[in-house]
1. Show me the three semi-axes of the equivalent ellipsoid for segment 57-167, from the C-alpha gyration tensor (sqrt of 5 times each eigenvalue), largest first, rounded to whole Å.
2. List, in order, the whole-Hz ³J(HN,Hα) value for each residue of segment 71-83 obtained from phi through the Karplus relation with A = 6.51, B = -1.76, C = 1.60 and θ = phi - 60°; use x for Gly and Pro.
3. Determine, for Ile10, Ile100, Ile165, the number of other Cβ atoms within 10 Å of each Cβ, and report the residues in order from fewest to most.
4. For Thr70, Thr176, what's the fewest-to-most ordering of other Cβ within 10 Å of each Cβ?
5. Mind listing the long-range amide H neighbours of Leu87? Cut-off is under 5 Å, sequence gap 5 or more, other chains count too, H placed in the peptide plane at 1.01 Å from N.
6. Using θ = phi - 60° and the Karplus form 6.51 cos²θ - 1.76 cosθ + 1.60, what ³J(HN,Hα) does each residue of segment 64-69 get, whole Hz, x for Gly and Pro?
Amino acid sequence: MRSGSIYRIIFTLAVIVLLVWVFSSKLFNRVPNGHHGVLINNFSGYNMNRTYEPGLKLVLPWTSIVSVDTRRQGDNIIVTANTKNGLSVKCNINIQYRPIVDKLPNLLSSINSDYKNLFVKPEARGAVSSIIGRYTADELYAGKKEQLQKEMIDLMLPALKEHYILVERIIIQEITLPKSISDAIEQKLQQEQESQEYEFKLKKAELEAQRLLIEADGLAAYNKSLSANLTDNVLKFKGIEATLELAKSPNTKIIVIGDKDGLPVILND
């Protein structure tokens, strides 16, 4: 082999290595764990037909892969909203959501990878304000967290799903009312509780009085019936029976027959 041919081969290999080194960042894209990727072409835009799993991907120099975190994400959002009766309250919520993986190209093409700040948070603020506006301060103070959370999800779910985002959970961390309002509501609730306790005591006393009245009527009826049946002959017969039973006792005693009523009299030694 001629030396010129060897030099050409070495030169060609060197050029190839140089090109690979220069374009390596363009040729290989890595999709991190917990993420999915969408291919974007510098000339035609997003590839709408495929979503890439995590791992190292070989792509053409004029394309690249945009990686998006597709795990469940959570953000705390504080919203100041007006109640039904016009009072300003602060609502601190935690919203948990994730992008729909097989719709990731649609999400990126319609919003972009910063969909959280551009869409999720504004939608959450709007939903919280709308739901808070349905209730008075008293109703919010009374504690309707589960109901409020459900209403917020029901309101947000269609709008976010339409933009390829799935809301999984909303947790109300705290609803803060103005101190003067919360104090007034607390005092009102305390007064209502005291009133209920007083009514309970009155009802209890009324029931006890009814019970005693029924018991007294029953005792009176019993005594009336007993008096009607206790004739002199019955009393004498019962007295004789009692005397005979006592006479059977081993204790020493003296029995005198005949008192003014004709009943035996027992005298112990």
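1. Each semi-axis is √(5λ); the values are 35, 12, 11 Å.
2. Couplings: 7, 5, 10, x, 9, 8, 10, 9, 10, 9, 9, 9, 6 Hz.
3. Ile10, Ile100, Ile165
4. The order, fewest Cβ neighbours first, is Thr176, Thr70.
5. It is none; the list stays empty.
6. Those phi angles translate into 7, 10, 8, 9, 10, 5 Hz.
Taken together, the values in this text are just the output of simple stated rules run on the coordinates, not laboratory data. Since the structure is predicted, the reported quantities are computational estimates derived from the model, not experimental observations. Positions of Cβ are generated from backbone atoms using ideal geometry, with glycine treated the same way; all protein chains shown enter the neighbour counts.
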